[in-house]
Amino acid sequence: MTVFVVSLFLPYTVTRQIDSCGSSQVQSPAPARLPQCLSTLPSRRDGGCGSDTTLKGDNLSPGATTDNERIFTSDPPLRARKGVGYPFPPKPRSDNWPRTKGEPQWSVITAKKGNDGLVDAIRSAAHVGYLNDTMWVGTLGIQTDSIEYCDRTAIERKLKDEYESLAVFVCDRDFDGHYTHFCKTILWPIFHYQVPDSPKNKAYQDCSWAYYVSVNQAFTECIARNWKRGDSIWVQDYHLMLVPAMLRKLLPDAHIGFFLHSAFPSSEVFRCLAMRKELLEGMLGADLIGFQVTEYSGHFLRACGRVLSVEATDAGIQLEDRFIKVGTFPIGIDPTSWDRRRESADIRHWMDNISTAHRGKRLIVSCDKIDAVGGIRQKLLSYEHFLNIYPEWANQVVLIQVATSSTQQPELEASISDIAMRINSIYATLDHQPLVFLKQDLMFPQYLALITAADVLMITSLREGMNLISHEFVYCQDGRFNNKGYGSLILSEFTGSASLFSNHALLVNPWNVHQCAEAMHTALIRDPRERKKDWEQLHQLVLDNSATNWVKSFKESMACVCHKQLSHRRMTKPCLSIASLKERYRQACRRMMFIQYEGALAPWGSPNNVFLATPQRTITILTDLIDDAANDVYVMSSRMPEELERQFCHVIGVGLIAENGCFLRKPHTNEWIQLVDQAYTDVWKDGPSHILTYFQERMEGSWVETRHYSLVFHYGSVADREMARRLTAECADQINDACESQGIHAVIFDSAMIVEPINTKKALAAEVVWRYVESSNNPKFDFLLTIGVNREDEHLFGWANELERTGVVDYTMTVTIGSHSAEAKTTLTQGVTGVLDCLQQLASC
C-alpha cells in the first residue's frame, strides 16, 4: 500500500547546469541547500528563510555601538531572493532550456522551499519502518513554462523512479495566482486572524480563486492517474483544501486524509471568506481531518456547523452518507535527526564565539520572521519595558533577535528599527549593548549554537500553528554543550505549542507588555531546581509529540477511520432479505424487536401536529406480532410518554420507549420508568430556553416544543429556509458551546433541532430491557430485530450488532430505512410501506 504525501512543494527540485552559451550556470529556486545534517534554519522554511529585502553592510542593528553583532559575519547571510512576492527565480533569457549535445541539461537537488516539519516527519517515520512505501506529490517550486515537453517527461520519470516523487506541472500564471494572490494574500492572513481589508487588495476581484481551483485540480488529476485501490492519500495544508473533495468525486473508495499545518481561525473570522463554503466542502471530502491542537479543530467544527449547517460533534462531522473524523495530531521535531545534526564540529566553535562576545551576560534569544504575526514589535516593546522597570538588569542581559522577512513590509520594519534604536541609544554603554538585532539568516550550526547558549527563548507570535523553535530549544537545553543550566521558555499563548507546554512554560499574551516583561524577569531569577524540573517535563513532551509519533498516530487513525468507512459504504449495504429473515424468525424460540415509530411505522407528520393518529394497519400488525407469546415488541419514539399512550392505547402488551430513551414502559405494564434525573433536567433547560427564545423571535414561523427531558426547535415552517438553516446552525453552535459542561447537546435534523442530554440514547433503554430479561428466569432471546430511521438509531444498531458478535444472542438483524450510511447491516428503501409489509409477513409465519 502506497501513502501519497501531497504537499504544494516536493522535497526535491531541478536545476539547470549550463546556459545557452555553454558556460557554467546554475539557476535554482534558492542557493543550494546544505545536506540534511547541516541544513539551514529548520522548521521555518515555509515562505522562505531568506529576506526579500537586499541586506546592506554588516547587517548591524540600528544604533549599534559595539562589535557584538559581528559574531556571525564570517559566514555571509544567504543572498536575498529576487522578485516581489513571487516564489520562483527570474525567468530564463531564452524560451526553452538550452541544449548542448552530450551534456545533461538538469539535475535533481534538494529543494529549499517547503514544509521542513513535514519532510522530517515522513523521513523519520520511514527510517524506523512506520512508512514503508511513500510517494511525494507536489510542484518543483520553479518556473516551468520554459521547460520543453521532452524534458518534463524525463524529469517526471527520474523523480518517480529514483526519488519516489510525482511532479505536478502547472503553468506559471496559475501557480502565481494560486500561491501569491490567493494563498498568501487571502488564506494565510485569514488563518492568522489578519482579515485582508486593504483597498489595494484586489484578490477578490481578479481570478485568484480560479487559479486556486485550477492548481488543486491539477494535483487531483495527478494523484488519480497513479492511485491504486488500497493506497492512502495524505493531503497537506491550506494550499490544497479542495483536493479531498475533488478526489472523492473521482475516487469514491479512496482513503483520504487532510492535515492543516497552520492555525484555523474562529468561525467568525473564517466566515469573512467569500469562498468559505467551497473550502469547507473541499476539506470534508477527506475521511480524516487533522489539526495541530484542539483549539483549531474546535474552530473548524463550529465553522462547519454555522456555514454548512451540518451536525458537528466533538468526534467529527456527520454527513448523510458518511462520517468525517476530526482529530488533533501535534507535530514536533525528529530527535534522532537532531542528534545527528548536533554532531557538527562547527557547533563548539560558534558556542565559543557567543560565550566570548557575551561573557558574563544572560542571553534572551528570539528567532522570528518580520511579518504581521511574528510579534517582533511587541517583543521589543516588552523588552524596553523590562529594562525600564528593572534597571538593575540593563548591564546584565542581552536580547539577541534574529529576524528574517519573506515579504517587504516597510512600515513594520521601520517601526521595529525605531524601537531597536531607542533601546540601544538609552541603555547601551561602551562595553555593553542590550539588544543585538540580526536581520539575516543563520547557517544551521550558528542557529543551533545560539539556542543552546540561550538562557531564555522568547516567542511572542501573535498567531502561529505550532512553533517548532520552542521544541528545538527545549531539546538543545540538555546540558550537552551548555554548562549554565537549563533555560526557560517564554511562549506566546497564541501558538499551538502553548497547549502542549502550558504547565511548564511561561505563557504570555504578546499584547500585554507588562506581563511579557514580568515573564522575562521571572525566567532570569528562577531557581535552578525549578528550571530543571520544568525542563524535564518539557523534554518529555517533546519526545512524546515527536515527528515520528505524529506520523504513527495519523496513520493509525487513518486505518481505523477508513475501516469504519468501508463498513458503511452505501454500495456494500444489501437490501433486507425478507425470505432469510422469515426463516430465522420461524427457527427462533424467543424474539425481541425494537422498531422506530416515526418514519418506520407511521409517516412523519407536520411539526405543528403534535398528536398523530397511528394508522390502523400499524395497530393491526403490532397486535398480530404481540399475540405470539414468543415475541416482545418495543416501539421507539422521540415523543413524550403521554403521546405514545394515546397512540397505542389499543395495542395491549406493546413496550414503549419515549423521548429517545428517556422513558421506558415494559410490555403488559402501565408504569413508566424514568431513565434520566428530572431534577437535573429542570436545571439545564433554563440556559438553552433563553437561547432558543432569542432565535425564535428572529424566525417568523418557528416554535419551541417543550418535552419532559428535551427541547425541540421547529423551523420547518419558516418561509426563508436558507436563513432558517443558517440561524439554526448558529443556535446549535451557541447551545453546544454554552452547555457543553452540563452534558447537553443540540442536534439538527431536516426541519427541527433537538436539545437533549448527551447520555440519553435508545441503546441505553434497550440495555435496561436486556438486563431485565437476563436477570429473569424466562428463556433467553435468540432473535433480535432492530429497525431504525436516522442517526439517532446508530447507537442502537451498534449495541445490537455487538450482542451478536459477542455471542449473547444467536441472530441479530439491524435495518435502516433509506440508503444513507449507517451501522445497520441492511436497508429497506420502501419506507413505511416496506416496513409494514415485512412485519406483516413475519406475523403470518
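The values are calculated or read from the model by the stated rules, or taken from the named source; none is laboratory data. Owing to the predicted nature of the structure, the values given are computational and were not obtained by experimental measurement. Don't worry about glycine lacking a Cβ; one is built from the backbone with ideal geometry, like all the others, and counts go over all protein chains shown.
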Any idea which of Ile333, Ile317 is of a type in the set (A, V, I, L, M) and under 30 Å from Val128 (Cβ atoms)? Ile333
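Okay, residues lined up against (1) more than 21 Å from Val773 (Cα to Cα); (2) surrounded by 17 or more Cβ atoms within 10 Å (Cβ to Cβ); (3) hydrophobic (A, V, I, L, M, F, W, C):
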| position | (1), (2), (3) |
| --- | --- |
| Asp624 | yes, no, no |
| Glu645 | yes, no, no |
| Arg665 | no, yes, no |
| Ile673 | no, no, yes |
| Phe695 | yes, yes, yes |
Based on what the data block shows, is Asn778 at pLDDT below 85 and under 24 Å from Cys838 (Cβ atoms)? no
Right, Arg359: within 37 Å of the chain's Cα centre (by Cα) and either in a loop (DSSP other than H, G, I, E, B) or closer than 22 Å to Asn509 by Cα (or both) or not? no
So which residues in the stretch 268-300 are outside any helix (DSSP H, G or I) and not aliphatic (A, V, I, L, M)? Arg271, Cys272, Gly285, Asp287, Gly290, Phe291, Gln292
Looking at this structure, is Phe437 aromatic (Phe, Trp, Tyr) and part of a strand (DSSP E or B)? yes
Confirm whether Gln408 is part of a loop (DSSP other than H, G, I, E, B), touching a residue at least 40 places away in the same chain (Cβ under 8 Å) and touching an Asp or Glu at 6+ places or on another chain (Cβ under 9 Å). yes
Give all pairs with beta carbons closer than 6 Å in which a residue from the stretch 625-636 that is in the same structural domain as Asp782 (by TED's automatic domain parsing) meets a residue that is assigned to a helix (DSSP H, G or I) and of a type in the set (Gly, Ala, Ser); count only pairs at least 6 apart in sequence or on separate chains. Leu625/Ala843
Which numbered condition in (1) touching a strand residue (DSSP E or B) at 6+ places or on another chain (Cβ under 9 Å); (2) crowded, with 20+ Cβ neighbours inside 10 Å is the only one that Glu705 fails? (2)
When you go through (1) under 24 Å from Tyr193 (Cα atoms); (2) among the hydrophobic types (A, V, I, L, M, F, W, C); (3) assigned to a loop (DSSP other than H, G, I, E, B) one by one for Ala303, which number turns out not to apply? (3)
Pick out, from the stretch 706-816, the strands (runs of 3 or more DSSP E) lying fully within it that include 1 or more residues that are under 28 Å from the mean Cα position of the chain (by Cα). 744-748, 752-757
What residue, among those in the stretch 420-454 that are over 22 Å from Arg341 (Cβ atoms) and under 37 Å from the mean Cα position of the chain (by Cα), is surrounded by the most Cβ atoms within 10 Å (Cβ to Cβ)? Phe437
Looking at the stretch 681-705, I want the residues that are farther than 18 Å from Ala729 by Cβ and have a partner that is of a type in the set (Ser, Thr, Tyr) with Cβ atoms under 7 Å, at least 6 apart or on another chain. Which pairs are those? Thr681/Tyr709
Filtered residues of the stretch 306-317 (kept if of a type in the set (D, E, K, R) and part of a helix (DSSP H, G or I)): Arg306
Condition check for Gly653: at positive phi and either at pLDDT 90 or above or in a helix (DSSP H, G or I) (or both): yes
Residue, nearest to Ala822 (Cα to Cα), within the stretch 309-343, restricted to residues that are within 21 Å of the chain's Cα centre (by Cα) and hydroxyl-bearing (Ser, Thr, Tyr): Thr313
For the stretch 159-264, please list each of the helices (runs of 4 or more DSSP H) lying entirely inside it that holds at least 2 residues being outside the structural domain of Gly298 (by TED's automatic domain parsing), hydroxyl-bearing (Ser, Thr, Tyr) and out of contact with any strand residue (DSSP E or B) (no Cβ under 7 Å at 6 or more places or on another chain). none
